[in-house]
Amino acid sequence: MGETFVQKVFSKKVGKKVVHGEIVVLEPDYVMSHDNAAPISKIFDKFGVEKVKYPERIVIILDHTVPAPTEVEASNHKLIREFVKKQGITNFYDINNGICHQVLSEKGYALPSKIILGSDSHTTTYGAFGAFSAGIGRTEVASIWATGELWMKVPEVHKFIIKGKLPEGVFAKDVALHIIGKIGADGATYKAVEFTGEVAENFTIASRMVLSNMAAEMGAKAGYFLPDEKTLEYVKDIAKSDYEVLTSDPDAEYEKIVEFDVSDLTPQIAKPHTVDNVSPINEVLGTKIHQGLIGTCTNGRLEDLEIAAKILKGRKVKSGVRCLVFAASMQEFIKALKKGIFETLAESGCIIMNPGCGPCLGAHEGVLAPGEVAISTANRNFKGRMGSREAFIYLASPATVAASVIEGEITDPGKYLL
Amino acid sequence: MPGTIKGRVWKYGDGVNTDVIYPGKYTYKNLTNEEMASHALEDLDPDFAKNVKKGDIIVAGKNFGMGSSREQAVTSLKYTGISAIIAKSFSRIYFRNAINQGIPAIESSDAVDAIENGETIEIDFKNGVIITAKGNFKFPPFPDKMLEILEAGGLVNYTRQKLGKK
C-alpha cells in the first residue's frame, strides 16, 4: 500500500513512518500569527521564559485591523513591534504589506512539504503550494513560540477529483462554494482534503489558493494541491528555505474519494447565514444589495481584480450601492495599479481601499448596518460577521460581485463577459 | 479536571459558529475576562450571558464552534463559568481550543438528542458517562495527550510544566 502526501509530510517531519489517525508531537517549519500576536505575546509571558525558541520560524503579519482604527488596535500593533524587536523576530511584516495568507505565500514561506501552523482558521491557504498547513489557537501559537513544538493528529485524507471543463463566467470560487454546498460545513471535519483532477490541475496558483482557503469552510484541517510545475515556477525565486517535493502514491489509502463534475456548473452563491447554504445563482437573481466587497484572502489577487475591472469597465456602480475593493497584498495592489485596473474601478465608482482584511470580520472599514445586504468575495457569511447581526451576507465570485454592483441586485456575470 | 461535574443545561442546535459565540468586532478590543463573558453567545442567545450560572453545561448539535480560530469563542464561555460542552460534533480548531483552555469538549450524539434544555445533568469523567433524565450515555476516553493537558488545567499550565516552571 502506498502513502498519501499527508503521511509522507508527517513521516519526514517526525523521522519515522506514521499512519493516519496517529497523534504525534512535531516542530512546525513556520508558525504564523497576525494582529493576534499581541494577545499571544501576553500568553507567552505566562510561560516564564525570556526568549522564543526559534525566532526564525515565527512569521507575524499585521492585517486584521490596518491601519489601526482606534487607540486599542494601535496599542496592540505597538506591542507587537516592540515584541518582535526584543525577540529578534525578523519575519515581521507591518501594516503596509497585506493579508497574512497572501503575504506569507508571496514572501516564500509557503513551500512544498512544509508544515505551517497559524492562529487563523484560513491558514489552510498554503495547501495551494503543496504545504501542509492548518489553523490552531492562540495559546497553541504561544506554546510553539516557547517550546518549538505541538501535538497533532495525522489526519485521514479525502480526495476530491474536480473534473470536466469549467464554463465561461464560472470560477474557482464557484467550484469552492459548490463543493461546500454539497458536502456541508462539517463535510471534511478533522480531515485533509486533496484537490485533484483536470480542473484543479488547470487552475492558476491564485485559483488554487481559493480552494485551499475555503477548505476551512468544509471543516477541513488542511486542503492541498500536490505540487507541480506551476508550484515550482511560483516558488523558485522566492523560497525562504529548502523544500522537498512530496506527492501521494497512486495506490495510497484515502478515507473517501469524491468526484465533482463542474462542466455544467453555473455561478454559485452562499446565502445568509452559513457558507454551506449554497444555491445556483438563478435562485437568488434580483436580490437587492447595498454593498459589494471585492477582495480578502479568498479573492483579492490580480486575476480577481482583473475580472472585476473587465466587467465594470465603462460601467457604473449603481447609485445607492457601495463597492469596496481590497487587494490581498501590496504586491497585488501594485500589479493592479500598473495595469490600470484601479483607474477602471475608481472611474466606475468603486472605493479603492488599502490591502488588508477590511470589513470581512466586522472590525472596521465598511461594516454593515441593520437590514443591509452585502455581496462579498470573502469566505464567511455568518450572522454578525460584517457588523450588524441584522445584516445579510451573500458570498460569490469577483465576477458575480462586479456584475451585481452594476445592477444593484444579484446578477449573473455571464452577459458582461460576452 | 474534577472526576464528576453536575450542571444545568443550555441547549442549542447545529452549526453554532464562532461569530455568534464571540463577534469579530470584539476580537481586537482587549476586553477583560468579565467583559468577554458578558458578550458570550450574544448573537445567538442574548439571555445566556445574563442568566448563566457557574457550573452550567452547554449542549449543542453538529459542528459546534465552526468558523474562526479565535480563542475567545472558548474563553468567553469559560469566563461565564461553564464547566463543559457536549456536542454532536465540534469543529477541529474549537475542539483544540477548548481542551487547551481546560474545558472538556465531549462528543455524544445520543446524549445530545436525549438532553432537554434546562435539565440538570451529570458528567462522570472517570467512567466516561453522561447521566441524564432519559438515561446514561457513554463517551470514549480522551487520548492521553489531551488528558494530560486537561489534567494540567489547560495548555498554559501544561507548557509551564514541560518547561520546568511550576
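The values are calculated or read from the model by the stated rules, or taken from the named source; none is laboratory data. Owing to the predicted nature of the structure, the values given are computational and were not obtained by experimental measurement. In this analysis, Cβ positions are derived from the backbone assuming ideal geometry, glycine residues included, and neighbour counts consider all displayed protein chains.
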### Those residues of region B:84-102 which are closer than 16 Å to B:ARG8 by Cα and either within 14 Å of another protein chain (Cβ to nearest Cβ) or assigned to a loop (DSSP other than H, G, I, E, B) (or both), in sequence order
B:ALA87
### Summary
When (1) in contact with a strand residue (DSSP E or B) (Cβ under 8 Å, 6 or more places away or on another chain); (2) more than 21 Å from A:LEU265 (Cβ to Cβ); (3) not aromatic (Phe, Trp, Tyr) are applied to A:THR147, the one that fails is (1)
### Task
Could you run through region A:343-375 and say how many residues are in a helix (DSSP H, G or I) and either in contact with a Cys (Cβ under 7 Å, 6 or more places away or on another chain) or surrounded by fewer than 19 Cβ atoms within 10 Å (Cβ to Cβ) (or both)?
3
### Task
Scan (1) within 14 Å of chain B (Cβ to nearest Cβ); (2) touching a residue at least 24 places away in the same chain (Cβ under 8 Å) for the single condition A:GLY384 breaks and write down its number.
(2)
### Query
Of these, A:ILE257, A:ILE269, which one is at pLDDT 95 or above and either crowded, with 21+ Cβ neighbours inside 10 Å or within 18 Å of the chain's Cα centre (by Cα) (or both)?
A:ILE269
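Would region B:13-23 turn up any residue that is surrounded by 20 or more Cβ atoms within 10 Å (Cβ to Cβ), more than 20 Å from A:THR274 (Cα to Cα) and within 14 Å of chain A (Cβ to nearest Cβ)?
Residues of region B:13-23 surrounded by 20 or more Cβ atoms within 10 Å (Cβ to Cβ): B:15-23.
From what's left, more than 20 Å from A:THR274 (Cα to Cα): none.
Taking every residue of region B:13-23 in turn, none turns out to be surrounded by 20 or more Cβ atoms within 10 Å (Cβ to Cβ), more than 20 Å from A:THR274 (Cα to Cα) and within 14 Å of chain A (Cβ to nearest Cβ).
Is it true that B:GLY61 is of a type outside the set (S, T, N, Q), buried (at least 24 other Cβ atoms within 10 Å of the Cβ) and within 11 Å of chain A (Cβ to nearest Cβ)?
Numbers: of a type outside the set (S, T, N, Q): yes; buried (at least 24 other Cβ atoms within 10 Å of the Cβ): no; within 11 Å of chain A (Cβ to nearest Cβ): yes.
Spelling it out, it is not the case that B:GLY61 is of a type outside the set (S, T, N, Q), buried (at least 24 other Cβ atoms within 10 Å of the Cβ) and within 11 Å of chain A (Cβ to nearest Cβ).
Conditions (1) at pLDDT 95 or above; (2) within 14 Å of chain A (Cβ to nearest Cβ), marked per residue:
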site: B:LEU31; (1), (2): no, yes
site: B:ASP56; (1), (2): yes, no
site: B:GLY67; (1), (2): no, yes
site: B:LYS78; (1), (2): yes, yes
site: B:GLY81; (1), (2): yes, no
### Message
If a residue must be buried (at least 24 other Cβ atoms within 10 Å of the Cβ) and either in a helix (DSSP H, G or I) or of a type in the set (S, T, N, Q) (or both), how many such residues does region A:10-33 contain?
### Response
2
### Task
Specify the residue that is nearest to A:ALA131 (Cα to Cα); the eligible residues are those in region A:185-224 that are surrounded by fewer than 24 Cβ atoms within 10 Å (Cβ to Cβ), away from chain B (no Cβ under 12 Å) and of a type outside the set (Gly, Ala, Ser).
A:ILE205
### Task
Run A:SER319 past the list (1) surrounded by fewer than 16 Cβ atoms within 10 Å (Cβ to Cβ); (2) under 17 Å from the mean Cα position of the chain (by Cα) and report the number of the one that doesn't hold.
(2)
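Just name the residue that is farthest from the other protein chains (Cβ to nearest Cβ) out of those in region A:240-294 that are among the aliphatic types (A, V, I, L, M) and more than 28 Å from A:TYR416 (Cα to Cα). Outline the logic, then answer.
Our first condition is that a residue be among the aliphatic types (A, V, I, L, M); within region A:240-294, this holds for A:245-246, A:252, A:257-258, A:262, A:265, A:269-270, A:275, A:278, A:281, A:284-285, A:289, A:293-294.
This time we only want the ones that are more than 28 Å from A:TYR416 (Cα to Cα), so: A:245-246, A:252, A:257-258.
Working: A:VAL245: 27, A:LEU246: 23, A:ALA252: 22, A:ILE257: 21, A:VAL258: 19 Å.
Of everything passing the filter in region A:240-294, A:VAL245 is farthest from the other protein chains (Cβ to nearest Cβ).
For region B:113-147, which positions are within 14 Å of chain A (Cβ to nearest Cβ), part of a helix (DSSP H, G or I) and hydrophobic (A, V, I, L, M, F, W, C)? Step through it out loud before you land on a result.
Quick first cut of region B:113-147, residues within 14 Å of chain A (Cβ to nearest Cβ) only: B:140-147.
Of the ones still in play, those that are also part of a helix (DSSP H, G or I) are B:144-147.
Result: B:MET146, B:LEU147.
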### Message
Step by step: first the residues of region A:166-184, then only those that are aliphatic (A, V, I, L, M) and either touching a strand residue (DSSP E or B) at 6+ places or on another chain (Cβ under 8 Å) or surrounded by 23 or more Cβ atoms within 10 Å (Cβ to Cβ) (or both), then the one that is farthest from the other protein chains (Cβ to nearest Cβ). Which residue is that?
### Response
A:VAL170
### Task
Evaluate the following for A:PHE10: is it modelled with pLDDT of 95 or more, more than 14 Å from every other protein chain (Cβ to nearest Cβ), more than 25 Å from A:ALA146 (Cβ to Cβ) and in contact with a strand residue (DSSP E or B) (Cβ under 7 Å, 6 or more places away or on another chain)?
no
### Task
Residue by residue through region A:387-418, note down the ones that are closer than 19 Å to A:ILE351 by Cβ, within 14 Å of chain B (Cβ to nearest Cβ) and touching a residue at least 60 places away in the same chain (Cβ under 8 Å).
A:ILE393
### Summary
Taking region B:151-165 and keeping residues at the interface with another protein chain (Cβ under 9 Å from one of its Cβ atoms), in contact (Cβ under 8 Å) with a residue 12 or more places away in the chain and more than 12 Å from A:LYS46 (Cα to Cα) leaves B:GLY154
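Yes or no: A:ASN354 of a type in the set (S, T, N, Q) and either under 25 Å from A:ALA185 (Cα atoms) or touching a His at 6+ places or on another chain (Cβ under 9 Å) (or both)?
Details: of a type in the set (S, T, N, Q): yes; either under 25 Å from A:ALA185 (Cα atoms) or touching a His at 6+ places or on another chain (Cβ under 9 Å) (or both): no.
Spelling it out, it is not the case that A:ASN354 is of a type in the set (S, T, N, Q) and either under 25 Å from A:ALA185 (Cα atoms) or touching a His at 6+ places or on another chain (Cβ under 9 Å) (or both).
Residue check: is B:VAL52 out of contact with any helix residue (DSSP H, G or I) (no Cβ under 7 Å at 6 or more places or on another chain), more than 10 Å from chain A (Cβ to nearest Cβ) and not charged (D, E, K, R)? Quick ask: steps written out before the conclusion?
Values: out of contact with any helix residue (DSSP H, G or I) (no Cβ under 7 Å at 6 or more places or on another chain): yes; more than 10 Å from chain A (Cβ to nearest Cβ): yes; not charged (D, E, K, R): yes.
The answer is yes for B:VAL52.
Can you find a residue that is more than 9 Å from chain A (Cβ to nearest Cβ), touching a Gly at 6+ places or on another chain (Cβ under 7 Å) and at positive phi anywhere in region B:38-46? Lay out the reasoning, then the answer.
From region B:38-46, those more than 9 Å from chain A (Cβ to nearest Cβ) are B:38-41, B:45-46; that's our starting set.
Filter once more, so that each one left must be touching a Gly at 6+ places or on another chain (Cβ under 7 Å): none.
The answer is no, given that none of the residues of region B:38-46 is more than 9 Å from chain A (Cβ to nearest Cβ), touching a Gly at 6+ places or on another chain (Cβ under 7 Å) and at positive phi.
Quick one: which of A:ILE311, A:ILE334, A:ILE307 is part of a helix (DSSP H, G or I) and more than 23 Å from the chain's Cα centre (by Cα)?
Values: A:ILE334 fails: more than 23 Å from the chain's Cα centre (by Cα); A:ILE307 fails: more than 23 Å from the chain's Cα centre (by Cα).
Criteria check complete, one pass: A:ILE311.
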